[in-house]
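**Q** Here it is, the structure, as structure tokens.
The values are calculated or read from the model by the stated rules, or taken from the named source; none is laboratory data. Note that the structure is a prediction, hence the values are computed from the model and not measured. Cβ coordinates were reconstructed from backbone atoms using ideal geometry, including for glycine residues, and neighbour counts include every protein chain displayed.
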Amino acid sequence: MKTITLNNIPDDIDEKEVSMIVAVKLFDQGKLSSGQAAAIAGISKREFIESVGEYGVSVFQQSPEDLLNDVENAARGK
């Protein structure tokens, strides 16, 4: 895994928060699994899954249309 160093970050910016934001964004883009994102954020997978919604991201990597189709198919018994 790569290491990234950020310079000139204001003192009032929390490093853990930056790590979480990066992890959530990469997870949302499908570039990281929830476990990988949790490792980047420095938290457990469970903690990541429980908190990712606070950033407007769903742990379910389906579009709303795909999710609706799945629900409709399940209702039809498919």
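**Q** Does any residue of region 22-38 turn out to be out of contact with any Pro (no Cβ under 8 Å at 6 or more places or on another chain), in a helix (DSSP H, G or I) and hydroxyl-bearing (Ser, Thr, Tyr)? Before you say what the answer is, go through the steps one by one.
**A** Step one: of region 22-38, the residues out of contact with any Pro (no Cβ under 8 Å at 6 or more places or on another chain) are 22-38.
Next cut, in a helix (DSSP H, G or I) only: 22-28, 34-38.
If we keep only those that are hydroxyl-bearing (Ser, Thr, Tyr) as well, we get 34.
Yes, that holds for at least one residue.
**Q** Sticking with this one: Taking the criterion of being aliphatic (A, V, I, L, M) and loosely packed, with under 11 Cβ neighbours inside 10 Å, would at least one residue in region 61-74 satisfy it?
**A** Keep residues of region 61-74 that are aliphatic (A, V, I, L, M), which gives 67-68, 71, 74.
Applying the additional criterion that residues be loosely packed, with under 11 Cβ neighbours inside 10 Å yields 71, 74.
Scanning region 61-74, I find at least one residue that is aliphatic (A, V, I, L, M) and loosely packed, with under 11 Cβ neighbours inside 10 Å, so the answer is yes.
**Q** Consider region 44-78. How many of its residues are β-branched (Val, Ile, Thr), modelled with pLDDT under 85 and in a helix (DSSP H, G or I)? Lay out the reasoning, then the answer.
**A** Taking region 44-78 and keeping what is β-branched (Val, Ile, Thr), we get 49, 52, 57, 59, 71.
So of that shortlist, the ones also modelled with pLDDT under 85 come out as 59, 71.
Cutting the leftovers down to in a helix (DSSP H, G or I) gives us 71.
Residues flagged as β-branched (Val, Ile, Thr), modelled with pLDDT under 85 and in a helix (DSSP H, G or I) within region 44-78 amount to 1.
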